[in-house]
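Asker: Below is the structure I would like to discuss, written out as structure tokens.
The values are calculated or read from the model by the stated rules, or taken from the named source; none is laboratory data. The structure displayed is predicted, hence computed values, not measured ones. A quick note on method: Cβ atoms are made from the backbone with ideal geometry, for glycine too, and the neighbour counts reach across all protein chains shown.
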Amino acid sequence: MVNMKRHVLSLICVSFLSVSAPPGVANAAPAPLLSATQDGGTVSPSSGTSAAATVTLITGDNVTVDGRGRGVTIQRGEGREKISFAVDRSAGRLRVVPSDAAPALDAGTLDRDLFDVTGLIAAGYARTDRLPLIVTYRDEAAEKSLRSAATGAATVVRDLPLVNGLAIRAGSEERAAFWLELSALTRGGRSARVWLDRLTMPLLVSSVKQVGAPTTWERGHTGAGVKVAVLDSGIDTTHPDLEGKVSLRANFTEASDGRDLTGHGTHVAATVAGAGQVKGVAPGAVLLDGKVCDIDGCPTSSVLAGMQWSADNGAKVINLSLGSPDREGLDLLEQAVQLLSDRHGVLVVAAAGNGYGARTLSSPASADAALAVGAVNRSDGMVEFSSRGPRVGDSALKPEITAPGTDIVAARSRDSGGDGLYVPKSGTSMAAPHVAGAAAILAGQHPDWDGRKLKAALMAAATPSPDAEVFAQGAGRLDVARATTQSLTSDPAAVSFGLQLWPNGDRPVKQPITYRNDGAEPVTLALAIEHDAHAVFTVTPSSLVVPPGGVAEAVVTADVSRLATDRPGGAYLSAGGDRARISTPLGIEKESEKYPLTIKYVDRAGQPGTGSTQLRRLDDPAQRSRFVNINAVGSEATVRLAKGVWELRSVVREGEHSAYLVHPALEVRQAGAVVMDARMARPVEVILPAAAEPQWVSVNYGGPLTRNDAAAGELIAERPDQISTAQLGTNPFPDETVTRVDGLWTGSDGLYRLAWSHRGGMVTGFRKNVERRHLATVRADYAAQTPGTHGIWIGEAQLPDLRLEGYPLSTPVSLPAAHTLHVNSDGDMRWRKHFTEIVSGGKAQVSFEDRESRFEPGRHYVERWNRGVFAPVLAQDEREETASAWREGDTMTIEGAPLGDSAGRTGRATYTTVRTALHRNGALVGESPSSHASFDVPKDESSYRLVMESEHRQPAALSSRTSTAWTFRSAGAGETARRLPLSIVRFKPPLDSSNTAPSGRPYLIPVSVERLAGSDAGPPRSLELHVSFDDGANWARAEAVGGVMKVRHPARDGFVSLRARATDTRGNTVEQTIIRAYRTLAR
């Protein structure tokens, strides 16, 4: 099929070079690590942190995403020390591309899904050391080389002759070595193409009558003997409706047997050909059971193998109630559908998808030869979940037919969940087998018809609904009874004018349509356009006669001038007479005013270069967050852009060097070209006051987005001399653009974490001579909560009024750790630091983040991270909403922070459950399973009790349970938000770097009461303290003198629990209990 599908991408062009753990970090992790972090804004402290996940790319490089989704760590594979990386984030997805994979990606011989870290993790590849691949080859020599390469670290698990390919599983241990051999075959697009063997997913008695099947049975048409392949999750052949129905079975998955554990395949098969109590559409058909889906999904290689097997074993129809989002270019399943249709005459019936909207069609339903099936309800109305067209890129008319897809009752597999013989299911998965059964009936009636003829006949007999759009229903709802009697078909079965590119001149466009009469009598047809809301289409002639066994032609004309741009238009061409009736769907879309822009890349020597560009439209605020990413094949690329003002950010690559070029506002009003010339760029240079080695350097340009945010694009390298920068053209948005240059250096006197901002546009070169007097010194140490863990810390620099999103690199440390950090705060730059402790297995046990702050030049600071007691905290700044609670009108809102460290930083923990409850006058108002909650309360003054409880599970050892309860009075006071009068008791014991205190001796714990900033809480009036050494079974009162709590630890290893009750001068109270606040060990 013609494919012009476009991806909307938000590219962060990042080049990472050889970065190892900085020598200035104590106990740095031993392996060479690269790390980057996505800034996600303010993080809620209540929701748990998910486990960190690591995937091994096809290149052998490991990528770890931390539990908060903020940090990314990249570890090179063996022998790959000089490889750099590009990091790309678009629509919440993370992509990491090694530099030696970029040429094959640009050449189209390497699947981009192989570097979609988000997708790889979601598909479960972080939980396995085997990466599933499909490698297609050009000739026998390439196949031989491929088989030779797939030894040791890789295994050929299946031949895929349908697409000239091999299904390969690559192990993680020797994957880098396998990549070396594989990359040689893909280089320059010579011999092979590599795909991720990605998972497609199953797309979840009146319906049979609804499509007219019983009428066909009465006529003797049941699909008897026609082979229908159901490629799905398997078929339960013991079900009464399916006994004796399956003539051949094969298992193409890695499951140990062919049992249907999900029930999807059994339900689909029974809808096609069930022959028991509940009959399918074609009860006489014979089923081929190809198990291609397991409980996790349907690997592409399994589906491909099943398709080949089906054709080889005589299947006339293949049902695919599975799919994945359609995308740019022809994927392997789309290719396979076309090949089966051309070579074997097979009809592939495919579910359109459950995409809930326009342009959400699934592949392989998107293939030209596939019959794409949408879903209707029992009243023939379109259901909301059914995917609509047009097809991505070329606006072709899809889906092409509909069938019942809601609450379809069919056989239940005995190996799936539930009870009883039957189960209702909904989805286009359920609609597709109705059409597959109907195709079997027609194939039994007309054994000589191929798949194209079957498809045309089914569409010709369908009944469109006047209440549904063409791009939702295609030809309309399936009517197999009409299909078995109607002799008239059209070619094409749908007239798709596709996307009319600008400039179209509003000229009419024409397409012929041919009617074929397979009957014995001539057919006179009256032709008319129906359901054409904008009078776009006309047809000539208005009538024609189709002779028996012959054809007649008409011409459909579309008046493009009557179309609105970027809005698909559709109608039906009705052809009716005494003996036949047919409604052919018509579809078209008119492109808005767009022009081709050619981007040419020139390197520093003036020669054609290689590069990539990110584009963003600026003159329409609604478009500012939508990015288009262009990768050049060769030295230039062409993209069609809407008329307007566009920002261009280009990176011209030349070995280890990258030139970062920004055109802040290119006006597009006609076809044109722009040259991204690396010779215009000037170097980045940073001179430090002491000898230091750069670990990474970043240039981050932010263009207009919203009032306080700039859309960032970041380039990162190991050394400043590997980056040059330039602004091309004038910048009409000086108050909305900023460039940040920052980096990390290691020297004999510690780490240098430095950042500078330049307002008004992109810097053309950058030079900074750093003086000692401009730096602050921070002594930071990082404790451990659990033995044997490691951590990462991040220093993030931002302007207070114009934030840049990006991936600041993190520094890995083995815990406990300490270092000296030299920091600048030039201009109005602010810093925010983050820290995460990670347990074995890569799970983020706990994360903390500091408030934004400024480090004054010449001053010395001390930071202690990850030290207990870990307990709830309250905001100490009136501007902070996190760790706060307020009443606005008749609503109380709680934004609690159940986990903070002794320095008052808010945090999150993986192994935590939280409960928040509000009581009024002794009665429960409501509760929430998190620290976020909103409660509606009456206006009158009442007594309230707010409770927040948390539980931390293993491997977390400290603060295993916490409970905090506040009491206060509150009444409605208009719609102005007022903070609740809350206080908190803070314990700050002098714990060591393992959060441990000595046992068997007296111990002093500083204690204080802190009020919620901006609230009416009063100063503390009384404070009662208790201590327990048996996890709260027994409590003893403890004295507090001068803000210091006195306890005596038992002469044994164990844990100390703390309890406090404070009352303020206004009568508000807080009660806190912390079980296992810290541990004690003999010293």
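Asker: Being among the charged types (D, E, K, R), at pLDDT 90 or above, out of contact with any Ser or Thr (no Cβ under 8 Å at 6 or more places or on another chain) and part of a loop (DSSP other than H, G, I, E, B), is that true of even one residue in the range 520-535?
Answerer: Looking for residues that are among the charged types (D, E, K, R), at pLDDT 90 or above, out of contact with any Ser or Thr (no Cβ under 8 Å at 6 or more places or on another chain) and part of a loop (DSSP other than H, G, I, E, B), one finds at least one in the range 520-535, hence yes.
Asker: Which residues, counting only those in the range 207-260, are under 41 Å from the mean Cα position of the chain (by Cα) and either among the polar types (S, T, N, Q) or over 25 Å from Asn313 (Cα atoms) (or both)?
Answerer: Within the range 207-260, Ser207, Val208, Lys209, Gln210, Val211, Ser233, Thr237, Thr238, Ser247, Asn251, Thr253, Ser256 meet the criteria.
Asker: Also: Check Ser853, Ser902, Ser847, Ser931 and return the single one that is within 25 Å of Arg1059 (Cα to Cα) and assigned by TED's automatic domain parsing to the domain that holds His822.
Answerer: None of the others qualify; the one that does is Ser847.
Quick grid of which residues meet (1) among the aliphatic types (A, V, I, L, M); (2) crowded, with 24+ Cβ neighbours inside 10 Å; (3) in a loop (DSSP other than H, G, I, E, B):
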{"position": "Ser302", "(1), (2), (3)": "no, yes, no"}
{"position": "Ala305", "(1), (2), (3)": "yes, yes, no"}
{"position": "Arg327", "(1), (2), (3)": "no, no, yes"}
{"position": "Leu330", "(1), (2), (3)": "yes, no, yes"}
{"position": "Val348", "(1), (2), (3)": "yes, yes, no"}
{"position": "Gly353", "(1), (2), (3)": "no, yes, yes"}
{"position": "Tyr356", "(1), (2), (3)": "no, no, yes"}
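Asker: Something else about it: Quick one: Leu421 ticks every box in (1) touching a strand residue (DSSP E or B) at 6+ places or on another chain (Cβ under 7 Å); (2) assigned by TED's automatic domain parsing to the domain that holds Lys245; (3) among the hydrophobic types (A, V, I, L, M, F, W, C); (4) surrounded by 24 or more Cβ atoms within 10 Å (Cβ to Cβ) except a single one, so which number is it?
Answerer: The single condition Leu421 does not satisfy is (4).
Asker: So how many residues does the range 159-183 have that are surrounded by fewer than 19 Cβ atoms within 10 Å (Cβ to Cβ), touching a Leu at 6+ places or on another chain (Cβ under 9 Å), not in a helix (DSSP H, G or I) and not small (Gly, Ala, Ser)?
Answerer: Residues that pass the stated criteria total 1.
Asker: Of everything in the range 505-519 that's basic (Lys, Arg) and more than 19 Å from Asp578 (Cα to Cα), which residue is modelled with the lowest pLDDT?
Answerer: Among them, the one singled out is Arg507.
Asker: Picking from Asp677, Asp721, Asp735, Asp709, which residue would you name as being among the charged types (D, E, K, R) and touching a His at 6+ places or on another chain (Cβ under 9 Å)?
Answerer: Matching residue, one of Asp677, Asp721, Asp735, Asp709: Asp721.
Asker: I need the strands (runs of 3 or more DSSP E) fully contained in the range 875-935, keeping only those with at least 2 residues that are farther than 19 Å from Val947 by Cβ.
Answerer: Counting at least 2 such residues, we get 906-909.
Asker: Looking at the range 692-710, which of its residues are part of a loop (DSSP other than H, G, I, E, B) and under 11 Å from Glu805 (Cβ atoms)?
Answerer: Residue satisfying the conditions is Leu705 alone.
Asker: Here is a further query. Which of the residues that make up the range 934-959 are surrounded by fewer than 21 Cβ atoms within 10 Å (Cβ to Cβ) and small (Gly, Ala, Ser)?
Answerer: Hits for the range 934-959 are Ser934, Ser942, Ser943, Ala957.
Asker: Further, regarding this structure: What is the number of the single condition among (1) assigned by TED's automatic domain parsing to the domain that holds Val383; (2) under 25 Å from Arg482 (Cβ atoms) that Ala213 does not meet?
Answerer: (1)
Asker: Taking the condition modelled with pLDDT of 75 or more and either touching a Cys at 6+ places or on another chain (Cβ under 8 Å) or buried (at least 22 other Cβ atoms within 10 Å of the Cβ) (or both), does Leu94 pass?
Answerer: yes
Asker: Could you give every pair whose Cβ atoms fall below 6 Å, whose first residue belongs to the range 611-627 and is under 20 Å from Tyr660 (Cα atoms) and at pLDDT 85 or above, and whose second residue is assigned to a strand (DSSP E or B) and aromatic (Phe, Trp, Tyr), counting only separations of at least 6 or pairs across chains?
Answerer: So the pair list comes out as Gly611/Tyr601; Gln614/Phe627; Leu615/Trp646; Arg616/Phe627; Arg617/Trp646.
Asker: Also, I was wondering about something else. Might you check whether a residue that is in a loop (DSSP other than H, G, I, E, B), surrounded by fewer than 21 Cβ atoms within 10 Å (Cβ to Cβ), within 47 Å of the chain's Cα centre (by Cα) and not charged (D, E, K, R) occurs anywhere in the range 993-1000?
Answerer: Scanning the range 993-1000 turns up at least one residue that is in a loop (DSSP other than H, G, I, E, B), surrounded by fewer than 21 Cβ atoms within 10 Å (Cβ to Cβ), within 47 Å of the chain's Cα centre (by Cα) and not charged (D, E, K, R).
Asker: Let me ask another. Working only within the range 544-595, note down all residues that are surrounded by 13 or more Cβ atoms within 10 Å (Cβ to Cβ), over 16 Å from Ala396 (Cα atoms) and among the polar types (S, T, N, Q).
Answerer: Answer for the range 544-595, where residues must be surrounded by 13 or more Cβ atoms within 10 Å (Cβ to Cβ), over 16 Å from Ala396 (Cα atoms) and among the polar types (S, T, N, Q): Thr557, Ser574, Ser583.
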